[in-house]
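The values are calculated or read from the model by the stated rules, or taken from the named source; none is laboratory data. This one's a predicted model, so the numbers in the text were calculated from it and none came from an experiment. Cβ placement follows ideal geometry from the backbone for every residue including glycine, while neighbour counts extend to all protein chains displayed. The accessibility values were calculated without ligands, DNA or RNA, using every heavy atom of the protein model including side chains. Shrake-Rupley method; radii C 1.70, N 1.55, O 1.52, S 1.80 Å.
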Amino acid sequence: MQHIILCGGSGTRLWPLSNRQTPKQLLPLFDGQSLLQLTWLRNRFACDSVVAIVNEQQADVVAEQLAGSGALSVSLIAEPVGRNTAAAIALAAFTTSPDTILLITPADHLIGTPDLYSHTILTAEKLAAAGHLVTIGLQPTYAETGYGYIQYADHDVVRFTEKPDAVTAAAMLESGDYLWNSGIFCGKAGVLLEQLSLHAPVIYAAAAVAAAAWLETGEIPLAVMEAIPSDSIDYAVLEKSDIVKVVPSAMEWSDVGGYEALAHALANHYRYSNHQAVFIGSDPVNSIVIGKDKLVALVGVENVVVVNTPDVLLILQKGNGQDVKQLHQWVKENRPELL
């Protein structure tokens, strides 16, 4: 298989730690490694090469991080502007042979249980080799409203549901026949392009032009990239195709989508410690300080996340992580230089 890493995304819910220059997937928070590096490391058992789809402004640091983790066969496709996952995946598929199985993963997920993950990927590879597009579904552990869901029976997909309301999510969890959509999937490059041409022909045609420019010159002109309609691979293909299969998995997974998830990962899996933080009458287990440029003292407060950057100090009550997106929008409108 060829590993395709989708390196887009700005991690707005992790602002100010994550910003335009250094989005969350490039932050070396996990025992000195980034989510990008961890993504490559856990998939190298199945893939002999890696292609990273990147924003052209981050191409150098992505290449440096992958090389620093020991990746020997790395190719980058640099986008002058992001056009969502359908375009990114199409570019990767156009630049390899039709029979190559592509394992497509976001760069910003954190996954534990390596043995279970490996088994899941190898099962998906077998289905992909038989000509299916194969998505990985996760056994839900609570009624999350921010994820997409897949109703399934064995490996068959019944339907996709995007971000249900709380009542619907609770009913899905209770039914036992729904999975979270992980955003990880695989399929032969030729099959992906065939399904894209069938279900999203405008994206297919515009991406073909961009891929041809990349193969010829190593660059994609901005106007050519902007001509590709912006859509996710889920909406453009997976939810419309009749050759999609799903592999259910109970692997430990997080999209590290907010500070609560990041705090949990750092505290429970990576023994994160900050010698620039002191806790007086506060529980260092339930609170976390991220940042190193100055001493941060927590006195008599509980369940907070403190993010200490050179330009911004964020103090977040746990449970309010979704509101960081609103904060990010305020900064975008009022203090855009801080992004």
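Worth a mention:
- Spin-label pair K332/D31, simplified geometry with 7 Å Cα→Cβ offset, distance in nm: 3.6 nm
- Theoretical FRET efficiency, 1/(1+(r/R0)^6), r = Cβ-Cβ of K292 and D115, R0 35 Å, to 0.05: 0.55
- Qualifying chymotrypsin sites (Phe, Trp or Tyr not before Pro) in the stretch 141-219, DSSP loop, other Cβ atoms within 10 Å at most 15: Y142
- Mean separation of Cα contacts under 8 Å, 6 or more apart, over the residue count of the chain: relative contact order %: 20 percent
- Per-residue extension of 0.36 nm, minus the Cα-Cα distance of F45 and K240, leaves a gain of 67.1 nm for this segment.
- Straight-line reach from K240: taking Cα to Cα under 26 Å and skipping same-chain neighbours fewer than 8 places apart, the lysines in range are K126, K163, K188.
- Label zone (L72, point 7 Å along Cα-to-C-beta; backbone nitrogen cut-off 15 Å) within the stretch 25-57: 44-50.
- Trypsin sites (Lys or Arg not before Pro) within the stretch 212-272, DSSP loop, no more than 10 other Cβ atoms inside 10 Å: R271
- The residues of the chain expose on average 46 square angstrom of accessible surface per residue, using a 1.4 Å probe on protein heavy atoms.
- Area projected by the alpha carbon convex hull of the chain, averaged over all directions, nm²: 17.5 nm²
- Those aspartates and glutamates that a straight Cα-Cα span of less than 14 Å connects to K245, excepting residues fewer than 8 apart in one chain: E125, D154, D156, D234
- By the rule of a C-alpha distance below 18 Å, with chain neighbours fewer than 8 residues away ignored, the aspartates and glutamates paired with K292 are D31, D311.
- Computed lengthening from D177 to A212, 0.36 nm per intervening residue step minus Cα-Cα distance: 8.4 nm
- Cα coordinate range in the stretch 273-338, projected on the principal axes (Å, largest first): 37, 26, 17
- When the helices of the chain are scored as -39500 (n - 2.57) per DSSP H run of n ≥ 4 and the total is divided over every residue, the value at 222 nm lands at -10000 deg cm²/dmol.
- The stretch 2-254, accessible surface, carbon-and-sulfur percent (1.4 angstrom probe): 52 percent
- Spatial separation of Cα centroids for the stretch 160-207 and the stretch 324-339, in angstrom: 30 Å
- The HN-Hα couplings worked out from phi for the stretch 68-76 by the Karplus form 6.51 cos²θ - 1.76 cosθ + 1.60 (θ = phi - 60°) are x, 9, x, 6, 9, 10, 10, 10, 10 Hz, whole numbers, x standing for Gly and Pro.
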